[in-house]
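Encoded as structure tokens, the structure appears first; notes follow it.
The values are calculated or read from the model by the stated rules, or taken from the named source; none is laboratory data. Predicted model only: the values in this text are computed from it and were never measured. With ideal geometry, Cβ positions are generated from the backbone for all residues, glycine too; neighbour counts draw on all protein chains shown. The area values use the complete protein model at the heavy-atom level, side chains included, leaving out ligands, DNA and RNA. Shrake-Rupley method; radii C 1.70, N 1.55, O 1.52, S 1.80 Å.
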Amino acid sequence: MIPDFLYGTAWKEARTAALTELAVRSGFRGIDTANQRRHYFEAGVGEGLAAAYRAGVVSRGELFLQTKFTYQPGQDHRLPYDPSASLSTQVAQSIGSSLEHLGTDCVDSYVLHGPASGRGWTDYDVEVWTAMARERDAGRARLLGVSNVSVRHLEDMAASGAEMPAFVQNRCFARTGWDHSVRAFCAKRKIRYQGFSLLTANPEVLHHPLVTSIAARGQGTPAQVVFSFALAIGMLPLTGTTDVEHMRQDLASGAVALSSDEVRAIETLA
Ligand SMILES: NC(=O)c1ccc[n+]([C@@H]2O[C@H](COP(=O)([O-])OP(=O)(O)OC[C@H]3O[C@@H](n4cnc5c(N)ncnc54)[C@H](OP(=O)(O)O)[C@@H]3O)[C@@H](O)[C@H]2O)c1
């Protein structure tokens with residue numbers, strides 16, 4: 001089962017375990033992390049999950065756990081693999097370490113954090129993607145995804161005959177029609193689009209009269225209107241809130257109902 005919302009665990013450092021546990025206690029059933037110590041503390045996510053299991057809040061089977069493989073240039077010195085090993089071996093070592101951190105033998109989704117080049121799908125990506133599919137086939141991941149991709153990356157993948165991802169996870173700017181071209185590609189290929197930085201990348205939207213008036217009318221907040229919009233267009237949104245009240249609000253965003261005219265107006269707001 002894929003939940004409607006993902007709780008993002010980036011940038012939480014020593015608070016990662018407590019916030020992950022709080023997110024699960026607050027009702028999140030999807031958790032996004034990465035084996036990239038520079039921005040994430042994946043072992044802390046595992047500690048938070050273990051605490052939630054111990055307390056009987058949830059069982060592993062009720063959760064959707066997603067983590068990522070990150071190339072060396074995206075990492076600092078705390079690497080989850082041997083940098084002198086082949087990329088295929090790095091993938092095997094990275095996912096092995098993720099499974100240990102998360103206390104599971106299979107993640108629900110395994111995501112390539114970003115392609116090797118901003119310009120297109122390279123031979124490096126072919127090797128990594130093939131290795132990720134091998135891990136999936138061996139039962140260590142259920143579904144595969146790619147992140148930080150352009151339409152060019154996705155078209156290159158398709159043209160090369162590669163298996164297409166189940167997920168695309170991108171930063172979502174309102175000024176690009178909320179990543180309109182990538183979302184359109186995903187819709188055609190039945191790829192589920194995950195959007196992050198929906199609030200932080202779009203501060204102008206949170207102050208826009210269209211959004212503030214809908215929030216006032218629906219007795220919600222502008223942040224809830226943005227998430228409700230994301231849900232209405234079939235997006236799987238991420239939030240990394242550190243505030244328990246915001247956790248509750250984010251999960252309840254769908255209650256701020258939008259008409260189809262409002263959805264269209266927000267989609268074309270920029
Ligand atoms: N694939 C990638 O390269 C990539 C890159 C970046 C992020 N991500 C993933 O996406 C997750 C989310 O990251 P993000 O970039 O979207 O930023 P974020 O870390 O979730 O930050 C969200 C901001 O919005 C605020 N916020 C959340 N809910 C709110 C509400 N209801 N009302 C008011 N403010 C609210 C939060 O403040 P409070 O804490 O005070 O609520 C925080 O300042 C990350 O943790 C990570 O898992 C992935």
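Name the long-range amide H neighbours of residue 8: under 5 Å, sequence gap of 5 or more, or other chain; modelled H, no Pro or chain starts.
Amide H neighbours of residue 8, under 5 Å, 5+ apart: 32, 239, 240, 241.
Would you mind checking the tilt of helix 42-54 against the longest principal axis of the Cα atoms of the chain, expressed as 0 to 90 degrees and rounded to 10?
Between helix and principal axis, roughly 70 degrees.
Of the heavy-atom accessible surface of the chain (probe 1.4 angstrom), what whole percent is carbon and sulfur? Display every interim value, and only then the final one.
Details: 6230 of 11710 Å².
Answer for the chain: carbon and sulfur cover 53 percent of the accessible area.
Distance in nm between label sites at residue 123 and residue 50, each 7 Å beyond Cα in the beta-carbon direction?
Simple spin-label model gives 4.2 nm for this pair.
Once both axes come from the Cα atoms, what is the angle between helix 222-232 and the longest principal axis of the chain, in degrees from 0 to 90, rounded to 10?
So the helix axis and the longest Cα principal axis differ by about 70 degrees.
Work from the charge dipole of the stretch 1-70 (Cβ charges, +1 for Lys and Arg, -1 for Asp and Glu, about the Cα centre) and give the residue of 3, 50, 39 farthest towards its positive end.
About the Cα centre, the residue reaching furthest to the positive side is 39.
If each DSSP helix of 4+ residues adds -39,500 (n - 2.57) and the sum is divided by the residues in the chain, what number results at 222 nm, nearest 500 deg cm²/dmol?
For the chain, the value works out to -12500 deg cm²/dmol.
Just how large is the dipole of the stretch 161-237 about the Cα centre, in debye to the nearest 20, putting +1 at every Lys and Arg Cβ and -1 at every Asp and Glu Cβ?
200
Just by accessible area at a 1.4 angstrom probe, what is the order of 63, 258 from largest to smallest? The partial results should precede the final answer.
Details: 63 10, 258 35 Å².
Correct descending sequence by accessible area is 258, 63.
At 1.4 Å probe radius, can you tell me the per residue accessible area of the chain in Å²? Numbers along the way, then the final one.
Details: 11710 Å² over 270 residues.
Each residue of the chain exposes 43 Å² on average to a 1.4 Å probe.
So how tilted is helix 16-26 from the main axis of the chain? Cα-based, degrees 0 to 90, rounded to 10.
Helix 16-26 sits roughly 50 degrees off the main axis of the chain.
For the stretch 1-59, what does the alpha-carbon gyration tensor say about shape, rounded, prolate or oblate, given a ≥ b ≥ c as the root eigenvalues, a/c under 1.5 as rounded, and a/b over b/c as prolate?
Oblate.
Please work out whether the stretch 1-159 counts as rounded, prolate or oblate from its C-alpha gyration tensor, where a ≥ b ≥ c are the square roots of the eigenvalues and a/c under 1.5 means rounded, while otherwise a/b larger than b/c means prolate and anything else oblate?
Here the stretch 1-159 falls in the prolate category.
Please give the contour-minus-distance gain from residue 76 to residue 58: 0.36 nm per residue of separation, less the Cα-Cα distance, rounded to one decimal in nm. Mind showing how you got there, number by number?
On the way: separation 18, 0.36 × 18 = 6.48 nm, distance 3.32 nm.
Length difference between fully extended and current span is 3.2 nm.
Mean separation of Cα pairs under 8 Å and 6+ residues apart, divided by the residue count of the stretch 109-163: what relative contact order is that in percent?
Numbers: 55 pairs, mean separation 27.0, N = 55.
Once divided by the residue count of the stretch 109-163, the mean separation gives 49 percent.
Could you give the dipole magnitude of the stretch 14-94 about its Cα centre, charging the beta-carbon of Lys and Arg +1 and that of Asp and Glu -1, in debye to the nearest 20?
So the magnitude is around 140 debye.
Starting from the 7 Å offset along Cα-to-Cβ, what nm value, one decimal, do you get for the label separation of residue 187 and residue 138?
3.9
Please give me, ordered by residue number, the trypsin sites (Lys or Arg not before Pro) of the stretch 144-242 that lie in loop per DSSP and have at most 16 other Cβ atoms within 10 Å. Walk me through the numbers before you get to the answer.
Numbers: sites: 152, 171, 175, 183, 188, 189, 190, 192, 217; in loops: 190.
Passing sites in the stretch 144-242 are 190.
Relative to the present Cα-Cα distance, how much length would full extension add between residue 207 and residue 265 at 0.36 nm per residue of separation?
19.4 nm
Which of rounded, prolate, oblate describes the chain, given a ≥ b ≥ c as roots of the alpha-carbon gyration tensor eigenvalues and a/c under 1.5 marking rounded, otherwise prolate only if a/b is larger than b/c?
Oblate shape, in that a/c is at least 1.5 and b/c is the bigger or equal ratio.
Arranged from highest to lowest average of other beta-carbon atoms within 10 Å per residue, in what order do the peptides 13-26, 71-84 appear?
For the peptides 13-26, 71-84, the packing ranking is 13-26, 71-84.
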